[in-house]
1. How far apart, in nm, are two points set 7 Å out from the Cα along the Cα-to-Cβ line at residue 45 and at residue 117?
2. What accessible surface, in Å², does a 1.4 Å probe find on residue 147, ignoring ligands, DNA and RNA and rounding to the nearest 10?
3. How much length is gained if the chain between residue 96 and residue 11 is pulled fully straight, taking 0.36 nm per residue apart and subtracting their Cα-Cα distance, in nm to one decimal?
4. When all alpha-carbon pairs of the chain are counted, what percent fall beyond 26 Å?
5. Just add up the charged neighbours of residue 129: K/R +1, D/E -1, any other residue whose Cβ is under 12 Å from the Cβ of residue 129.
6. How large is the accessible surface of residue 163 in square angstrom, using a 1.4 angstrom probe and rounding to the nearest 10?
7. Determine how large the accessible area of residue 183 is when every protein chain is in place; take a 1.4 Å probe and give Å² rounded to the nearest 10.
8. Please find the FRET efficiency linking residue 55 to residue 162, where r is the Cβ-Cβ separation and R0 is fixed at 35 Å, and quote it to the nearest 0.05.
Amino acid sequence: ANPDSARITGWAAGENTVATVTYSAAMGPVSAMDTLIFEARSVTSPTQIDEGRLELTLIRPQISLAKGVDPNGTSPPGTDLTYTVEVTNGGSEDAVNLIAVDSLAAELEFQVGSIDNTLPAGVTVVLEYSNDGGSTWTYTPSSGGCSATVGYDRCVNRIRWTFQNPLSATAPNNVAQFEYVSRIR
């Protein structure tokens, strides 16, 4: 009579049967628990009850982004800075359609060809640049671009890495690292 119940008739005492249940849970915080309870009772003897309990952990990716620079602290103009951007999936499900974007300050000029990607096996990215704050991603860095020092480009103000494959939730394949060099103007 209830939408969440089923009745099996003609079932002899001690007999086994298989019941298939389709269950869905709304999204919640990572690692949230949900419980599904199975209860069987005899229609002719309602006090005879058997119960089974299934605890479910809701899963999904949990992405964190960390950025570091070397050398750290205050540096004079002309200093090369090596930036490291690390993307980590700390969740319990692979991350799909992942995009990482990093911004360059106006006081920096991007070193052409300095991108170094460290990716898990089977993961590739498409690298794109923007010179208009991310409105478009068609810019190609060039040596001396926007009156930069030779080997550098002052037009680049955003770098985007678009993952072509899922980023795993299983260590050590859950971390992607991107590195590039910029010079203080």
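The values are calculated or read from the model by the stated rules, or taken from the named source; none is laboratory data. Fair warning: this is a prediction, and the values are worked out from it, not measured in the lab. Using ideal geometry, Cβ is built from the backbone for each residue, glycine included, and neighbour counts are taken over all protein chains shown. Ligands, DNA and RNA are excluded from the accessible area calculation, which covers all protein heavy atoms including side chains. Shrake-Rupley method; radii C 1.70, N 1.55, O 1.52, S 1.80 Å.
1. The two pseudo-label positions are separated by 6.6 nm.
2. Answer for residue 147: close to 100 Å² accessible.
3. Working: separation 85, 0.36 × 85 = 30.60 nm, distance 4.62 nm.
Here the answer is 26.0 nm.
4. Working: 9210 of 17020 pairs.
Everything past 26 Å amounts to 54 percent.
5. That sum, taken over residues with Cβ under 12 Å, equals -2.
6. 10
7. 50
8. With a Förster radius of 35 Å, E is 0.40.
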